[in-house]
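Participant: Dumping the structure here so I can ask a few things about it.
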Amino acid sequence: MRYPFPVGKSDFIQGDEAIARAAILAGCRFYAGYPITPASEIFEAMALYMPLVDGVSIQMEDELASMAAIIGASWAGAKVMTATSGPGFSLMQENLGYAVMTETPVVVVDVQRGGPSTGQPTLAAQGDIMQAIWGTHGDHSLIVLSPSTVQEAFDLTIRAFNLAEKYRTPVVLLTDAEIAHMRERVYIPSPDEIEIVNRKLPANEEEAKLPFGDPHGDGVPPMPIFGKGYHTYVTGLTHDEMGHPKTVDAEVHERLIRRIFDKLERNRDEIISYEEFELDDAEVAIVSTGIVSRSAIRAVKMLRERGVKAGMLKLNTIWPFNFEMIEELAERVRKIYVPEMNMGQLYHLVREGANGRAEVELIAKIGGEVHTPMDIVERVVG
């Protein structure tokens, strides 16, 4: 297949463009969205590329409709994506919960900007971490990934599609305005270099009759495709393995929700991704994610030059969160610093994980400016 961009070599591209190209290579063939700064370039790129790969890109009337459209297209057998920023992400939450409850594989890109409300449309922030994890109502679980470079934005987009399809779950790619509009050299692999995961389809009619069952014991039901001859009932109501509503049956509800949780929890080791820097002998640790990780890496080097044994943990997966890893880190260091572009969201997860075994200090910065390495160094050395 011919792609409308170079493959098998590097290119100097913007973060939003990298996400669009990765989606195409991952097999995305349906995109629905609504223009919003700073995610509009994803929409523009998908509108350009999709017709060239026999895909569909459609502008919906709003973000509620965008989520509804990709859910429907996913049940019709397509790999799907939408992209937005904070205000639009808020509008997507109800249908995001519907995607969790119906176990619909979708990829949602949230290019964070300053909020709340309309906030700072052109400036970066990390204020949607809690919303990405817990924004929709009720007991639910999904996957949240966070890139810190344009290359990672590309790589994690492909990973987002693979995880969505493998576990029949929504995946949120939580990036920000800085990475979205930054231009860096990105290696665009050829298709034969990319691991692609496709969804598990019913092996026979009996499996197709149980679109929410667990015939293989891995918690992930095979997903029938609308239009392929199967009669499938899909509802956001509590439902049994056949999809039939059972709204007042406590046993059915618990069985369904626990399976939705467990299919991610039992695979945490595969889902969770992180990187360690200089932690072997560290006495203080910096835990960060996304754009701030770039400054944090430099801050570790500067602290080491000053004789401070500092190290860093960079979280590429925000949810599921590895509380055990944070507790183990807290037992090795005397203090953990959490720099983030908000008033403290990742900080609460890290503090819970540390479980009192080390002091955890927030280094908050808002207003649209990314932490400088010196912002972090000065807080550590006092």
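Participant: Of the residues Ile318, Ile326, which single one is in contact with a helix residue (DSSP H, G or I) (Cβ under 9 Å, 6 or more places away or on another chain), over 21 Å from Lys365 (Cβ atoms) and buried (at least 19 other Cβ atoms within 10 Å of the Cβ)?
Facilitator: Checking each option against the conditions leaves just Ile326.
Participant: Show me the strands (runs of 3 or more DSSP E) found entirely inside region 45-155 where at least 3 residues are without any contact (Cβ under 8 Å) to a residue 60 or more places away in the chain.
Facilitator: In region 45-155, 56-59, 79-84 are the strands (runs of 3 or more DSSP E) which contain 3 or more residues that are without any contact (Cβ under 8 Å) to a residue 60 or more places away in the chain.
Participant: In region 1-44, which residues are within 19 Å of Ser85 (Cα to Cα) and out of contact with any strand residue (DSSP E or B) (no Cβ under 9 Å at 6 or more places or on another chain)?
Facilitator: Scanning region 1-44 gives a single hit, Glu44.
Participant: When you look at Ile24, is it farther than 16 Å from Asp110 by Cβ, assigned to a strand (DSSP E or B) and in the same structural domain as Thr84 (by TED's automatic domain parsing), yes or no?
Facilitator: Spelling it out, it is not the case that Ile24 is farther than 16 Å from Asp110 by Cβ, assigned to a strand (DSSP E or B) and in the same structural domain as Thr84 (by TED's automatic domain parsing).
Participant: Let me ask something else. May I ask you to say which residue of Leu52, Leu48, Leu91 is hydrophobic (A, V, I, L, M, F, W, C) and either crowded, with 24+ Cβ neighbours inside 10 Å or within 16 Å of Pro170 (Cα to Cα) (or both)?
Facilitator: Of Leu52, Leu48, Leu91, the one residue that is hydrophobic (A, V, I, L, M, F, W, C) and either crowded, with 24+ Cβ neighbours inside 10 Å or within 16 Å of Pro170 (Cα to Cα) (or both) is Leu91.
Participant: Go through (1) among the hydroxyl-bearing types (Ser, Thr, Tyr); (2) farther than 27 Å from Asp139 by Cα; (3) assigned to a helix (DSSP H, G or I) for Tyr337 and report which single condition fails.
Facilitator: Every listed condition holds for Tyr337 apart from (3).
Participant: Identify the single condition in (1) part of a strand (DSSP E or B); (2) modelled with pLDDT under 95; (3) not hydrophobic (A, V, I, L, M, F, W, C) that Glu206 does not satisfy, given that it satisfies every other one.
Facilitator: Every listed condition holds for Glu206 apart from (1).
Participant: Next question, about the same structure. Which helices (runs of 4 or more DSSP H) does region 237-327 wholly contain that include 2 or more residues that are over 26 Å from the mean Cα position of the chain (by Cα) and farther than 30 Å from Asp139 by Cβ?
Facilitator: By residue number, 292-305.
Participant: Now for a separate question. Given (1) on the phi > 0 side of the Ramachandran plot; (2) part of a strand (DSSP E or B), where does Gly367 come up short, assuming only one miss?
Facilitator: (2)
The values are calculated or read from the model by the stated rules, or taken from the named source; none is laboratory data. Source: prediction; values computed, not measured. When we count neighbours, we look across all protein chains shown, and the Cβ atoms used for this are built from the backbone with ideal geometry, even at glycine.
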